[in-house]
Amino acid sequence: MGIFRGAYLQWMKLRLPWRKDVYMGTDLDGNLYFERLVDTYRSRRHVIYRKDLALSEYSDKVIPIQWQAWMRHTRHRIPTLADLNQDIQRQEQIADNVQKLAAKEARLPISSEDTTKHSRTRQPRFQKSTPGESFQPGNWAPAATPTASGNKTGSTKRRHDSP
C-alpha cells in the first residue's frame, strides 16, 4: 500500500460529524469496507470492490467469509489481516490433507469383498395400483367388530332400544 493511500484511508477512518461513511478496513484483495452510521438501531455496512466486475459476477464468494459475517452483523469485531492470513493457511492445510487422503486411497488395493459389501442389492420396484384393481368379489367378507358389551356377533342393544 502506498504512502498516500495509507494516509487517505487513515483519514477516512476518522468519525467526523459531516462524514456519512466511515472506513473500517480492507481485505487481502483490496476491497474497502465502510460503515454508514444512521440514527436507527443498526448501522449500514457496504463494500467497495477493488476490481470492476460485471453485474453477474458480484456474489458472496467475492469477499472473505470473515468480512461477510461482519457485514451481516454476526461478527462484531472487524477482521484483521492476520485473521484472513490464518484462514488462507487453514484452507491450504485442508487442501494438502485432501491430496494426501486421495493419494492414500489410490494406493490401497480394492478387493471384491469390499465392493460387494457396499453395493446395493437391486430391490423390486414398487408397482403402483389403483384402489379397486386387486378386488375379487367372492374373497371379501366384513370383519366382525367387537362392541362395548363384548358381543362379537354385531347384534348389540342400544341404550334407546326397549328390552
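Miscellaneous remarks
- Residue in the stretch 75-85 that is closer than 27 Å to R19 by Cβ and among the basic types (K, R) present: yes
- Residues in the stretch 46-80 that are modelled with pLDDT under 75, surrounded by 11 or more Cβ atoms within 10 Å (Cβ to Cβ) and among the hydrophobic types (A, V, I, L, M, F, W, C): L53 only.
- Subset of the stretch 81-98 (residues that are in contact (Cβ under 8 Å) with a residue 40 or more places away in the chain and either over 30 Å from E35 (Cα atoms) or open to solvent by less than 80 Å² (accessible area, probe 1.4 Å) (or both)): L84, N85, I88
- First in the stretch 37-66 and part of a strand (DSSP E or B), second anywhere and polar (S, T, N, Q), Cβ under 8 Å, 6 or more apart: V47/N31; I48/N31
- Only residues that are within 23 Å of the chain's Cα centre (by Cα) and of a type in the set (F, W, Y) were counted across the stretch 36-82, and they come to 3.
- Count of the stretch 16-35 residues which are over 37 Å from the mean Cα position of the chain (by Cα) and open to solvent by 80 Å² or more (accessible area, probe 1.4 Å): 2
- Residue in the stretch 7-27 that is out of contact with any strand residue (DSSP E or B) (no Cβ under 9 Å at 6 or more places or on another chain) and closer than 20 Å to P64 by Cβ present: no
- A148 over 29 Å from the mean Cα position of the chain (by Cα), at pLDDT 70 or above and among the aliphatic types (A, V, I, L, M): no
The values are calculated or read from the model by the stated rules, or taken from the named source; none is laboratory data. All of these numbers come straight from a predicted model, not from anything done at the bench. Positions of Cβ are generated from backbone atoms using ideal geometry, with glycine treated the same way; all protein chains shown enter the neighbour counts. Remember, those area values only see protein heavy atoms, side chains included, never the ligands or the DNA or RNA. Shrake-Rupley method; radii C 1.70, N 1.55, O 1.52, S 1.80 Å.
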